[in-house]
Amino acid sequence: MHSIDMDLVEMTLDVMKYTIDRISNVTPELGAPKKEEELFALVGETITPKGIGGETAFKLFKDILVKATVPIDHPRHLAFVPAAPTRAAIMFDLVTSASSIHGAYWMEGAGGIFCENQAMKWLVSLTGLSKDAFGVFTSGGTAANLSALVAAREDWRTRNPKNSEFKGLLLTSISAHSSIQAMAKVMDADLILIDDDEEYLTGKSLQLAIDTLKPFDRERLFAVVATGGTTNAGIIDELDSIAEVCEKEQTWFHVDCAYGGGALAAPSVRHLFNGIEKADSITIDPHKWLFSPYDCGAVIYKDLELAKNAHSQKGSYLEIFKDEGAHGFNPADYQIQLTRRLRGMPLWFSLAMHGTEKYRDSIERGIELAQIAADKIKERDYLELVRPASLSVVLYRRKGWTPDQYRDWTYKNHREGIALVTPTKWKNNGEYETISRFCFINPDTTEADIDLILNTMK
Ligand SMILES: *Cc1c(COP(=O)(O)O)cnc(C)c1O
């Protein structure tokens, strides 16, 4: 298994051929899931004492299993938040694996961590945070949010050890991502969701929410989470005024830009994020709008030391890493994971190869596609925009459709390999209405793709 023989050579060639074919295919088949029993009937048992052989296993994957997956980079996959990793980033993901580097500590990972940090330096520069700010790559936005909020709580407890005696409290808006609620549970923190009259959270309603807290709850408040591009609608909270309130109230200000973070590189919308430079921590997912392969999130801190206080692991076998001879940036100190893949390396290579301007242009194209789609919706009498396109998200309705019709339409388009576009809900006059939603990421989606999808709604 660890020897180099003909089987290895053949398997390697198979894998390289598959990889080259896949990344040069601009419209991969839009696969769909099958039931586990169905897949098992087609594939059979694959793990046996003697092994089924690389050729057989790979054939099962190519012919059956991968077809039961949805390629996230398909130009007409506009559901949830799709992705479109660059070919350079995908190829360097292979290189990252082949290089077998441990990404937790500088002592073992220096050269690879250097690459990650170069990419991180660019990300930090987009936020406008001071030059002392820095960050680290995580498995995704969920892990980045958790890492940031744990750092916030640790800071709150360090400033007043009495705070260790009770649960912390978080404030965010009803439009925040589900991971905030989920991570509050993981942390055993309480969470209050603010329902603003506006479509976004404002400093004014945050102040009101804080003012109405009971004195004990006010003491328990350790962080406010704003969203820089809601997943559902691409809406950005009023970061400037929220930052002011957080500063006045001396509470940690976290901005979740997992989806929207890429737009910090887009001059046409950058002003919408004003105030983000006052954040204590920021989440950005390069695997969403910065064209990295899964999985790659990032968390950025205004003050890295506060993250280290919360996350640095201690163990007798780890002490060598604190030694002068091993001195350097240790990613393990700033997020929840110890052993880690150098998941920022694919982003680094692609950025180094293409330069930041191509990133800017590809992100701007996503925003432009959303505007184009909005115009096309306005032109069609059977459709209606629900609200103006925001970042790369478009919310629209098919006049007269019931929720079941949206659902059936989604399945039909998916089954026929046309597109994956899923319904969502939007609050309209106090009630939740089922509507349709596009989220653009892939710069290779065309106007003809949009027409094709909209025409299936006639
Ligand atoms: C996607 C998303 C997350 C979760 O990120 P994962 O990478 O899926 O863990 C968190 N917040 C926002 C705003 C998101 O869009």
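The values are calculated or read from the model by the stated rules, or taken from the named source; none is laboratory data. These figures come from a predicted structure and were not determined experimentally. Positions of Cβ are backbone-derived with ideal geometry, glycine not excepted, and every protein chain shown enters the neighbour counts.
For this structure, a couple of remarks:
- Pairing each residue of region 70-87 that is within 18 Å of Ser436 (Cβ to Cβ) with any residue that is in a loop (DSSP other than H, G, I, E, B) and charged (D, E, K, R), provided the two are 6+ apart or on different chains, yields C-beta distances under 9 Å for His74/Glu29; Pro75/Asp444; Val81/Asp285; Pro82/Asp73.
- Summed over region 256-272, residues that are within 16 Å of the ligand (Cβ to nearest atom) and surrounded by 24 or more Cβ atoms within 10 Å (Cβ to Cβ) total 9.
- Test: residue in region 283-296 that is within 16 Å of the ligand (Cβ to nearest atom) and among the small types (Gly, Ala, Ser): yes
- The conditions of being within 22 Å of Val269 (Cβ to Cβ) and either touching a residue at least 60 places away in the same chain (Cβ under 8 Å) or of a type in the set (Asp, Glu) (or both) are not met by Asp451.
- Of the residues making up region 37-45, none is surrounded by 15 or more Cβ atoms within 10 Å (Cβ to Cβ), part of a helix (DSSP H, G or I) and not aliphatic (A, V, I, L, M).
- Among the residues examined, Lys288 does not qualify as at pLDDT 95 or above, surrounded by fewer than 24 Cβ atoms within 10 Å (Cβ to Cβ), in a helix (DSSP H, G or I) and of a type in the set (Lys, Arg).
- Residue in region 273-280 that is away from the ligand (no atom under 16 Å from the Cβ), crowded, with 24+ Cβ neighbours inside 10 Å and not aliphatic (A, V, I, L, M) present: yes
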